[in-house]
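**Q** Submitted below is the structure of interest, expressed as structure tokens.
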Amino acid sequence: MFKNTSRGTGNRNQRNNPYLLDEMAVRFHRSAAGVAWRWRTETLILAAVTAAIWRLAALGAIILGTAAVLVVAVPVTRRFTLRRFWCVLARHRLQRLCYEARLHTRSGRLPLILWTRPTKVGERAHVLCRAGICAEDFEAHIGELRAACYARDARVTRNRRWSQLVTIDIIRRDTLAASHAVASPLVSHGTRPRPVPLRDDHPSLADTRQP
């Protein structure tokens, strides 16, 4: 005789459930608290990521604001930023000049600007000339060069050993010019010296007297 092992377990098997279709038609009622509890892990992860992004954005805004204040307020950082700005501008303007003035090879290759650094009077650019371009080509376009860089003047110097290396000095300031002009105190008060009238017996009027 075989022992019936299905007793007490038939009600747990969905294949033996006579109300299977009824359970499929049942509508589930979900509350907000229940949904939040079921999705608590995902909700916590999303909240943590959002808070981290917000804090990083706020920290980035604070850092950028502090850097902008330092650049504007501190003279050293302001001068450094302005010098680097002019160096970048000079590099782009030199490249544009080489294109417009046809300072390039027949294949369309422009001279290579190796390095641009600030100087006391402006900027200095070190240029590598490709085959077909020389320092004399830049010297022939001095007027266009200083106009393209918004400069007072420009100078071209060829390297004594390597003729393909050219140094271009952009002159923006005159270090020998007077930085402060002392005005006359009479001009500040708005007064001018008045001429002193000569008397009739003054020696300078002796020749103009009539007999």
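**Q** Give the residue list of chymotrypsin sites (Phe, Trp or Tyr not before Pro) in the stretch 65-172 that are DSSP loop and have at most 11 other beta-carbon atoms within 10 angstrom.
**A** When the chymotrypsin sites (Phe, Trp or Tyr not before Pro) of the stretch 65-172 are filtered for loop state and at most 11 Cβ neighbours within 10 Å, TRP162 remain.
**Q** Post the alpha-carbon centroid distance, the stretch 110-151 to the stretch 77-107, in whole angstrom.
**A** If you average the Cα positions of each part, the centres end up 8 Å apart.
**Q** Any chance you could run the full-extension gain for LEU56 through LEU82? It's 0.36 nm times the residue separation minus the Cα-Cα distance, nm to one decimal.
**A** The span from LEU56 to LEU82 would gain 6.5 nm if fully extended.
**Q** Solvent-accessible area of LEU46, probe 1.4 Å, all protein chains present, reported in Å² to the nearest ten, please.
**A** Approximately 120 Å² for this residue.
**Q** Something else about it: Rounded to the nearest 10 Å², what accessible area does VAL166 have for a 1.4 Å probe in the complete protein model?
**A** The accessible area comes out at roughly 0 Å².
**Q** Please give the length that would be gained between LEU89 and ALA73 if that part of the chain were fully extended, namely 0.36 nm times their separation in residues minus their C-alpha to C-alpha distance (nm, one decimal).
**A** My answer for the length gained is 3.5 nm.
**Q** Show the residues, 5+ positions off or on another chain, whose built amide H is closer than 5 Å to the amide H of ARG130.
**A** Sorted by chain and number, the residues that satisfy this are LEU112.
**Q** So, one more: How large is ³J(HN,Hα), in whole Hz, for each residue of the stretch 116-122 in order, when computed from phi with the Karplus curve 6.51 cos²θ - 1.76 cosθ + 1.60 and θ = phi - 60°, using x for Gly and Pro?
**A** Result, rounded to whole Hz: 10, 9, x, 10, 5, 10, x.
**Q** Hey, another quick one. Taking R0 as 45 Å, what FRET efficiency do you get between ARG173 and ALA48 from their Cβ-Cβ distance, rounded to the nearest 0.05?
**A** About 0.25, to the nearest 0.05.
**Q** In addition: List the residues whose amide H sits under 5 Å from the amide H of ARG124, counting only those 5 or more places along or on another chain, with H placed 1.01 Å from N in the peptide plane.
**A** Distant-sequence amide H within range of ARG124: ARG117, THR119, ILE170.
**Q** Which whole-Hz couplings ³J(HN,Hα) result when phi for each residue of the stretch 134-144 is put into the Karplus expression 6.51 cos²θ - 1.76 cosθ + 1.60, θ = phi - 60°, listed in order with x for Gly and Pro?
**A** Once θ is set to phi - 60°, the couplings for the stretch 134-144 become 9, 5, 5, 5, 6, 5, 6, 10, 4, x, 5 Hz.
The values are calculated or read from the model by the stated rules, or taken from the named source; none is laboratory data. Model, not experiment: these values are computed from the prediction. Quick reminder, even Gly has a Cβ in these numbers, built from the backbone with ideal geometry, and neighbours come from all protein chains shown. To get the accessible areas, we keep the full protein, side chains included, count just its heavy atoms, and leave off ligands, DNA and RNA. Shrake-Rupley method; radii C 1.70, N 1.55, O 1.52, S 1.80 Å.
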